[in-house]
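Taken together, the values in this text are just the output of simple stated rules run on the coordinates, not laboratory data. Quantities reported herein were computed from a predicted structural model and do not represent experimental measurements. We place every Cβ from the backbone using ideal geometry, glycine too, and count neighbours over all the protein chains shown.
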Amino acid sequence: MSVIQGEKKKKVGVLLLLSMLGLLILLPFAVTTTFASGEEEAVAEEGDGEPKMGKDVFYKEEGQFGPISSRPAPELVYPDDYGTYGDYQSRTILWIANQQHLYFGSFVLAVPMFVWVMELIGILKYGKDPKEGKKFDDLAHEMMKISLTAYSVTAILGGILIFTFLALYPGFFGYLASIFRPVMHLYALLFILESGVLYVYYYGWDAFNDGNGDWKWTHLGLCTLLNAVGIVLMVMANTWVSFMMSPAGVDEAGHFLGDIWKVMHNPLMVPIVIHRILGNMSFGGGVVAAYAAFRFLSATNQAEKAHYDWMSYIASFMAVMFLIPLPFAGYWLMREIYGYRQQMGITLMGGLLAWVFIMQATMIATLFITVNYYLMQAMGRIPGSERYHGAFKFILAILVISTISWLTPHTLVMTPAELKAMGGAQHPIVGNYGVMSAKNTAINTMITTTVATFLIYQRSNFNLKVPWAWKGNIFLVCLFALAELNILFLGIYGYFIPANVRIGLSVPQVASTLTCLFVGSTINAKMLKGAEPIGEIRWGQMSRRGAYALFMLAVAFTWTMAVMGYLRSSVRLHWHVNEILRDNSPWAFTNPLGYAGNINSLNVLLFWTMLLFVFWLASLYATKSPLAREAEARGEVVAASH
Amino acid sequence: MIKIRNKTLFAQIMAIILAVPMLAWAGGGGATGFIDAGTFALVIEVGLALGAIILATVVKKMGMPLPKLVQAPILWAVCYIAFRVILQPPIPFSLLAMYMGVCTVCILLYCSLTTESWEEFSNPIAKMLRANSGGAKMSRYATFVILPGLIAFQTYDMMLPKFGEPIELRTVHPAPPASINTHKKVINLQTAENPFRIGDDGNYLKVGDESKYFGGNAWTGDVPVFLQKVQEGGQVFFGTAGCFFCHGDNLDGLGPFSFAFNPIPANFADSGTIAQLQESFVFWRVAKGGPDLSREAFPWASAMPPWEKHLTTPEIWKVIIFEYWHTGFFPRTWG
Amino acid sequence: MSDNNEETGKAGMGAKIVFAAICTAALTFYYFVALNWVLMGPAQNLAYPYK
């Protein structure tokens, strides 16, 4: 009786704690509004009763004017407002500090999202099959373990980043802090909340674990909270970045106009946030998959190999799930950039930085090819997949053709002699592949193909038993063939119409791809009902090439992040805050491509070195003590003698 | 047995039926100018690809499948020939390197798609590296002489002084300034519209709607307002300014003076030039020419004169109307 | 006789498959035409919210 009462008390306590923590999330918004209104008053007192009004650089119509609530953006002077470490480029140092923090930050934000899904699946499966449920639960726990080490690395890197800012860019950081003052503190405070929840969540894993009971659900609630705080944190940090690209809530001189929400809700904030969340998820999945691949390759026994083979599949599946909508989110972001400033769009896509996009295109193509290759390798452990081996080369061929069209640059690198031989800056044939119509067609084709490969993967182990299987097959073939035809048709049609109509074409193209994804996978799943497995999946027998492909996938993710981060940041050219605060340091130039490439590679290398350390730590934790190993060895002998 | 032979025969006949007329048609067309060089190359390529697939199928059906280790270099060579020789005019080396990089990676992936094919591909190599037979030893020695030799040659070739002009990463369409000042007026390039884009009703003609005037003759007596403007633009192009000396009678960048310029004048008939740009961008380039290119347009390689010194603002807008009308392209618009 | 039956049965199946394939292809085709038709218009009017 008393035990039950104690349980009840505990539950009430936990619920109270959770709701308190939940309320804390609302804190930023509450405090922001208070701070903002407080500041308005302060200025009103300072002036002659009437606050001076400034005109917002971005918001039009009503709300265009706001009370001037801060000093203007400073005219930065070199070397007074900039710090240096010898002759070394300050910007590169900051670049590296930023990128490393971002890598770890996005990793620790993404992992709880996966863990949430894994834990939920674990709980839901527990009722039917406790063993299967526990498998997912253990997976979630293990992912969290990697994330925990990475979390402290993130915090350390965040500290380094702040110090780098203060040491090298005090003038700029001072201005940014004067605008975001209240939000920056909240950011730090929310981190305390995040840490608290994280530690309770992680260390309470076993204490809360009652299979699929109320405690377990509470534990999942903690994870929800963790994710909510994480997303709020990310959104806050993103608003600073997007403010630098597309300022709002300030006037032309850089005066803060009293409404922090307008500053945060600047033109590029929403698309950047969406793009980043999706990107983080993909990246996190990729890194966890790489971790699993690492453990798969270094596993010493069959059981471990099988476990990590399975884990790598689950993680890479998650990565791909978020990879597929990513290009669309990126496309939207690009549209918004063009809408914000045409110049910025041209600098990115057709002008100065166009070649960086080619680097990115290479990476995206690598991602999709690698995913397909991994799925093909993974089919090596599935009995029954032999039926589809013949299709592999055609899938690859489609991907190669798409890649070549996807990679063809609009602006070519060539010697003047080559230019003459070609008869113009654009090649009469190849030039046609350098424009948006071709790119959209190529990427949609690649995504559709990836979906097809995945459907093949799903059904490769089964003999279909539903009576309408033949109809389903016909439907799937028709769906994919016609969707591809539609994508091609729209792509070609795009050459014959004006650009503003052409932009509209990408929507039905995307819709065709998404139809394949959703309708195709639904029908496929229905067809697999009651299907009879051809043999048991030989987990742990994936080829090593598959594991290496996962590494490739994860490295490609990191490189893409590096290159796109560089691109997003350098499009501001010589501005700290676009059109408001000028960068007057000697490093306000756009780096040559080779240099940018080298620094990006250095960043990737640095990140992976640290990450391998984190992986190693995780495996160290799992290593049994020599005593336990001896005992196990004796146990095995005993078992064998029976 | 008979069945297989029939199949082979069938495949061969199909190959001939498909490839020969196609090649003949393309060849004849290419020689007589019936189709342009681009289409010719495309047809040849498709023909070759189909031929190669059919040939591979035939050889396989005949019971002589090529080992992967042989297939890979053949595939590579086919790709190289397609991009280097068949694709005309020649593509720059940077692009060729990119294409061949993709092909190389994908051929390796192709060879390792399944465990069987990977073993088929890698076993001979492993055997060559490990086996103790005389043949394997000989090929080892040969490989380890040839490989360093190749690298040495490449190094030598790289160190050789070259006399060609250096590679240029020229920004063909640099980002325009937000606004320009021409004829004492500020023109906002984000929002500026062509004032001579006038429909029959005298209102602004939406981009895309001018297609109804395409293909007609602007130089007959009674034409709609839009075509009158085209006509006036044409007078600027061929008369007042003489754009055609460089940009050509057909606006294809092949005017009588074009050979003297490096880089050659812009080819408006190409889908990658004015078709990609806003009318205001073209206005900026015509009005300000090479001397006022923005900073990122390094190395400012353009012989385009600043036409604002010789033409009025309306004349510039009209010649732009003419250029779009003549090439049948639409300017870019947003929203 | 039985042989004959099997033959006709098979032929029936083949015809069925061809028929179903044509029907599905036509239906999916119409679906995509409708998709293009419906989406192309509004897509162009997805004006920039920050204009």
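Counting only other chain Cβ atoms within 10 Å of each residue's Cβ, the peptide C:19-26 averages 5.
Sorted fewest first by neighbouring Cβ atoms within 10 angstrom, B:Cys106, B:Cys243, B:Cys111 come out as B:Cys111, B:Cys106, B:Cys243.
The lysines whose alpha-carbon is closer than 19 Å to the alpha-carbon of B:Lys185, local same-chain residues fewer than 8 away aside, are B:Lys288, B:Lys309, B:Lys318.
Put in order of Cβ neighbour count within 10 Å, fewest first, the listed residues A:Phe322, A:Phe589 become A:Phe589, A:Phe322.
Pairs of Cα atoms nearer than 8 Å and 6+ residues apart set the relative contact order; for chain A it is 18 percent.
Which whole-number percentage describes the relative contact order of chain B, with Cα contacts under 8 Å and a sequence gap of 6 or more?
Values: 341 pairs, mean separation 42.5, N = 335.
The normalised contact order for chain B reaches 13 percent.
Report the normalised scattering of the stretch B:179-327 as log10 I(q)/I(0) at q = 0.17, 0.18, 0.20, 0.22 Å⁻¹, calculated by the Debye formula with identical scatterers on the alpha carbons. Each listed q corresponds, in turn, to -1.01, -1.14, -1.40, -1.65.
Ranked highest first by average number of other Cβ atoms within 10 Å, how do A:283-290, A:250-257, B:96-103 line up? Could you put the intermediate results ahead of the total?
Working: A:283-290: 28.8, A:250-257: 22.1, B:96-103: 17.6.
My ranking of the peptides, most packed first, is A:283-290, A:250-257, B:96-103.
Among A:Ile121, A:Ile447, which comes first, then next, by fewest other beta-carbon atoms within 10 Å?
By the 10 Å Cβ count, ascending, the order reads A:Ile121, A:Ile447.
Just checking the output field for A:329-338: average partner chain Cβ neighbours within 10 Å of each residue's Cβ? Before the final figure, lay out each step's value.
Numbers: counts 0, 0, 0, 1, 0, 0, 4, 3, 0, 3.
The mean count of partner-chain Cβ atoms within 10 Å per residue comes to 1.
Extension gain for A:Val12 to A:Val77 (0.36 nm times residue separation, less C-alpha to C-alpha distance): 17.5 nm.
Please list, or write none, the lysines whose alpha carbon is within less than 25 Å of the alpha carbon of B:Lys127, excluding same-chain residues fewer than 8 places away. Reachable lysines: B:Lys60, B:Lys68, B:Lys137.
For A:Ser298 and B:Arg130, the FRET efficiency from 1/(1 + (r/R0)^6), where r spans their Cβ atoms and R0 equals 22 Å, is about 0.30. For the residues of B:99-108, the average number of beta carbons from a partner chain within 10 Å of their own beta carbon is 4.
What ranking, highest mean first, results for peptides B:154-166, A:126-138, A:432-444 when packing means the other Cβ atoms within 10 Å averaged over each residue?
Packing proxy ranking, top to bottom: A:432-444, A:126-138, B:154-166.
Relative to the current alpha-carbon distance between B:Val186 and B:Phe257, full extension at 0.36 nm per residue lengthens the span by 22.3 nm.
At an R0 of 25 angstrom, the distance between the Cβ atoms of C:Ala15 and A:Ala525 translates into a FRET efficiency of 0.25.
Scaling the Cα radius of gyration of chain A by the globular reference 2.2 N^0.38 Å produces a ratio of 1.06.
Using per-residue counts of other Cβ atoms within 10 Å, averaged over each peptide, order A:348-356, B:284-292 from highest down. Each step should come with its number before you reach the end.
Values: A:348-356: 21.1, B:284-292: 19.2.
Going from most to least packed, we get A:348-356, B:284-292.
Its relative contact order, with pairs defined as Cα atoms under 8 Å and 6+ residues apart, puts the stretch B:179-327 at 27 percent. Placing unit charges on the Cβ atoms of the charged side chains and taking the dipole of the protein assembly as shown about its Cα centre, the candidate lying farthest along the positive direction among A:Phe256, A:Val183, A:Ser70 is A:Val183.
Taking 4.7 Å between beta carbons as the limit, the unpaired Cys residues of chain B are B:Cys106, B:Cys111, B:Cys243, B:Cys246. Taking 7 Å steps out from each Cα toward its Cβ at B:Phe214 and B:Leu147 produces label points 5.6 nm apart. Principal-axis analysis of the Cα atoms of chain B puts helix B:134-159 at an angle of about 20° to the longest axis. State, to one decimal in nm², a quarter of the convex hull surface area for the C-alpha atoms of the stretch A:383-536, i.e. the direction-averaged projected area. Approximately 11.1 nm², given one-decimal rounding. A crude spin-label estimate for the pair A:Ala633 and A:Leu189, with each label 7 Å from Cα along the Cβ direction, gives 5.7 nm. The lysines within cross-link reach of B:Lys162, meaning a Cα-to-Cα straight distance under 26 Å and a gap of 8 or more places when in the same chain, are A:Lys420. Rounded to 0.05, the FRET efficiency of the B:Thr312 and B:Asp249 pair, given R0 = 22 Å and the Cβ-Cβ distance, is 0.35.
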